[in-house]
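The values are calculated or read from the model by the stated rules, or taken from the named source; none is laboratory data. Just so we're clear, the structure is a prediction, and the values are computed from it rather than from any experiment. Here the Cβ positions follow ideal geometry from the backbone for every residue, glycine too, while neighbour counts run over all protein chains shown. Heads up: the accessible areas ignore ligands, DNA and RNA and are worked out on the full protein's heavy atoms, side chains in. Shrake-Rupley method; radii C 1.70, N 1.55, O 1.52, S 1.80 Å.
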Amino acid sequence: MSDVVAIKDQVEAAVRAALTEVLPAELAGADPVVRRSDRADFQADGTLAVARKAGRAPRDIGADVAVRLHGFAAEVSGPGFLNVTVPDAAVWSAVAARLADARLGLATPHDGERVVVDYSAPNVAKEMHVGHLRSSVIGDALVRVLGHLGARVTRQNHIGDWGTQFGMLIQYLEEHPEVSWKGQGAETMSALDSLYKAARAAFEADPAFADRSRARVVALQSGDDATLTVWRDLVAESEKAFETVYRRLGVLLDGGDFDGESRYNDALPAVVADLLASGIATESDGAVVTFTDGVTGPDGDPVPLIVRKKDGGFGYAATDLATIRLRVEHYRADRILYVVDARQALHFRMVFDTARRAGWLPAAVDAEHVPFGTVLGTDGRPFKTRSGRTVRLADLLDDAEAAVRTVLAGRAHGFTDAELDAVVHAAAIAAIKYADLSTTRTRDYVFDVEQMVATTGDTGVYLQYAHARVRSILRRAGATAVGHVDTTLPLHEAEKALALTLDGFEATLRDVAGTLEPHRLCGYLYDLATAFTRFYDACPVLRADDDAVRTNRLALCDLTGRTLATGLDLLGIPAPERM
């Protein structure tokens, strides 16, 4: 745990202690309700919340609290809330403490918590497309934040690598030996995707081919060597292509995180048998299903969760129940997060309910569906190509890089070709990820690449420019410029605003970890960049009149730069030294 205590936490502790002194014993420990304020450093509204219970006027309680508030100045305002002012020395001390800490004073409140995060989940033999973007980017940000706060995170990429579609594709390849798909390099997945569509068309048009495909599924499930060999090749090539996209997108997922549906194939019969034996599942029209209280269709009839289909095949529910058993028993998860689009909300509600009743998901383990909205085109409809095809992730990255390169082409930058390529790629990643992550997770958002790459406004590229600007100031100041922080100096209003914004970094990360909403970190970083701009405009740094003032302001620059870099990294966004 860090020894650095956030100023807001100090204010909350002081107000809580003062409230305890002036309130009846049964109201001891009342929430001080402290927040940042435009009229003071902080505002404490706790007096209003307890006044009625205490039988006293809020202003009277506030006056008693103000005189007992140790370490801070306070005055009663409005109906009885407190305006709290933090001494300049306390603010400078917090800046110095955070600078001296390699973690910027961040604690590890999730230390030891075991979290499994299920995200991305592409399908073997199909190209990754825009539909995989949000799961990959949101899941990765949550993995990074939770890990940074001390959690032991297990990444799981639950890829679709089993089922009827593979019997169909393998049978098609068997019957069309002239078809080539291996060794296509970057185009391997495009070739496979086209072959899959051809196999699907044949399956739907030719009953005999459909029968042969189903027989191939049986051969796959039975362990037929020839069928398994082709299947392994399909999986290996697909995973290689997925990893290429993840590396390019700056996502942490790699080969060690693949958790295919095939892993659970042998466990599915036991899932069904155990549910039937416990009476949780029942047979219905030849299928095995479970029901969840309160879940009904438009006609009022209960909605079934299909665990085993009429034909004896297993539904997604069986596999998801098997993953829960493994994640609880093998990974000993305290928390399981499923970063899957909002349309699957009912499915997960029913799966979690079934797992709880079966005892596979103990009360001590949190299982949470982390839903998200849809990526829209500028026409307000789900994002497609002009021909109506699903947009490939690789093409999104290409488009973003092209747009960034166009922006930089009109500016003098002094980069070598290699340096320019690196900056273009970093900015493209920032543009795509920040546009996604800065939106409230459950809302749809418009993919507008021209707006995403803007260097001003609330964009990832703007934050990268803000970080690069800070690093430029520090370079011009010299490597030894940031020295001892003089806590006796008075604070300029803009200095204080920046320092108090910096002080809110840990609270923001705790908020993200609790709500699973990365947009809160995006909003914080934008506020920080804005506060820095106001500070730099109002407070000369390199040309400060006094050496001590200059050193303190460089300290603020250094802490801002490190905080921006850390925050961007937790979003999976690079922070170049130069832009």
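Scan segment 325-350 for residues that are surrounded by 21 or more Cβ atoms within 10 Å (Cβ to Cβ) and out of contact with any strand residue (DSSP E or B) (no Cβ under 7 Å at 6 or more places or on another chain) and the total you get is 1. Among the residues of segment 408-448, those identified as open to solvent by 30 Å² or more (accessible area, probe 1.4 Å) and within 15 Å of the chain's Cα centre (by Cα) are S438, T440, T442, R443. Taking every residue in segment 297-308 that is over 14 Å from I280 (Cα atoms) and pairing it with any residue that is open to solvent by 40 Å² or more (accessible area, probe 1.4 Å), at least 6 positions away or on another chain, the pairs with Cβ-Cβ distances below 7 Å are P302/F291; P302/T296; V303/T296. Can you tell me how many residues in segment 245-282 are within 31 Å of the chain's Cα centre (by Cα), over 21 Å from Y331 (Cα atoms) and in contact (Cβ under 8 Å) with a residue 60 or more places away in the chain? The number of residues fulfilling the criteria is 6.
Scanning segment 266-296 for residues that are touching a strand residue (DSSP E or B) at 6+ places or on another chain (Cβ under 8 Å), of a type in the set (S, T, N, Q) and open to solvent by 10 Å² or more (accessible area, probe 1.4 Å) yields T282, S284, T292, T296.
Residues R52, R98, R59: which one is part of a helix (DSSP H, G or I), among the basic types (K, R) and in contact with a strand residue (DSSP E or B) (Cβ under 9 Å, 6 or more places away or on another chain)? Walk me through it before giving the result.
Numbers: R52 fails: in contact with a strand residue (DSSP E or B) (Cβ under 9 Å, 6 or more places away or on another chain); R98 fails: in contact with a strand residue (DSSP E or B) (Cβ under 9 Å, 6 or more places away or on another chain).
Unique residue meeting the criteria: R59.
Restricting the search to segment 474-493, which residues are within 30 Å of V423 (Cβ to Cβ) and more than 31 Å from the chain's Cα centre (by Cα)? R475, R476, A477, G478, A479, T480, A481, V482 - these are the residues of segment 474-493 that are within 30 Å of V423 (Cβ to Cβ) and more than 31 Å from the chain's Cα centre (by Cα).
Within segment 410-434, no residue that is assigned to a helix (DSSP H, G or I) sits with its Cβ atom under 8 Å from a residue that is among the basic types (K, R) and crowded, with 18+ Cβ neighbours inside 10 Å at 6+ positions apart or across chains. Residues that are open to solvent by less than 20 Å² (accessible area, probe 1.4 Å) and assigned to a loop (DSSP other than H, G, I, E, B) within segment 363-378 comprise V365, V370, F372, G373, G377, listed in sequence order. All conditions in (1) at positive phi; (2) in a helix (DSSP H, G or I) hold for E12, with the sole exception of (1). Scanning segment 114-134 for residues that are closer than 22 Å to A367 by Cβ and assigned to a strand (DSSP E or B) turns up R114, V115, V116, V117, D118. Selection of segment 351-362 for residues being part of a loop (DSSP other than H, G, I, E, B) and either in contact with a strand residue (DSSP E or B) (Cβ under 6 Å, 6 or more places away or on another chain) or surrounded by fewer than 16 Cβ atoms within 10 Å (Cβ to Cβ) (or both) yields G359, L361, P362.
Just give me the residues in segment 73-95 being outside any strand (DSSP E or B) and open to solvent by 30 Å² or more (accessible area, probe 1.4 Å), in sequence order. Write out each step before concluding.
So the first thing to find is which residues in segment 73-95 are outside any strand (DSSP E or B), and the list is 78-80, 86-95.
Passing the criteria: G78, P79, P87, D88, A89, A90, S93.
For segment 58-72, filtered to residues that are touching a residue at least 12 places away in the same chain (Cβ under 8 Å) and surrounded by fewer than 14 Cβ atoms within 10 Å (Cβ to Cβ), the residue that is farthest from Y524 (Cα to Cα) is H70.
Does segment 146-165 hold any residues that are of a type in the set (A, V, I, L, M) and either surrounded by fewer than 20 Cβ atoms within 10 Å (Cβ to Cβ) or more than 29 Å from G377 (Cα to Cα) (or both), and which are they?
Matches in segment 146-165: L146, L149, A151, V153.
In this structure, Q451 does not satisfy being under 20 Å from R247 (Cα atoms), surrounded by 13 or more Cβ atoms within 10 Å (Cβ to Cβ) and among the polar types (S, T, N, Q). When D395, D399 are screened for being in a helix (DSSP H, G or I) and open to solvent by 70 Å² or more (accessible area, probe 1.4 Å), only D399 passes.
Confirm whether F209 is aromatic (F, W, Y), open to solvent by less than 30 Å² (accessible area, probe 1.4 Å) and more than 22 Å from D395 (Cβ to Cβ). Lay out the reasoning, then the answer.
On the way: aromatic (F, W, Y): yes; open to solvent by less than 30 Å² (accessible area, probe 1.4 Å): yes; more than 22 Å from D395 (Cβ to Cβ): yes.
Yes, satisfied.
Of all residues in segment 533-561, those that are surrounded by fewer than 21 Cβ atoms within 10 Å (Cβ to Cβ) and either out of contact with any helix residue (DSSP H, G or I) (no Cβ under 7 Å at 6 or more places or on another chain) or within 27 Å of K433 (Cα to Cα) (or both) total 14. The set of residues in segment 129-142 being open to solvent by less than 10 Å² (accessible area, probe 1.4 Å) and either of a type in the set (A, V, I, L, M, F, W, C) or in contact with a strand residue (DSSP E or B) (Cβ under 6 Å, 6 or more places away or on another chain) (or both) consists of L133, V137, I138, G139, A141, L142.
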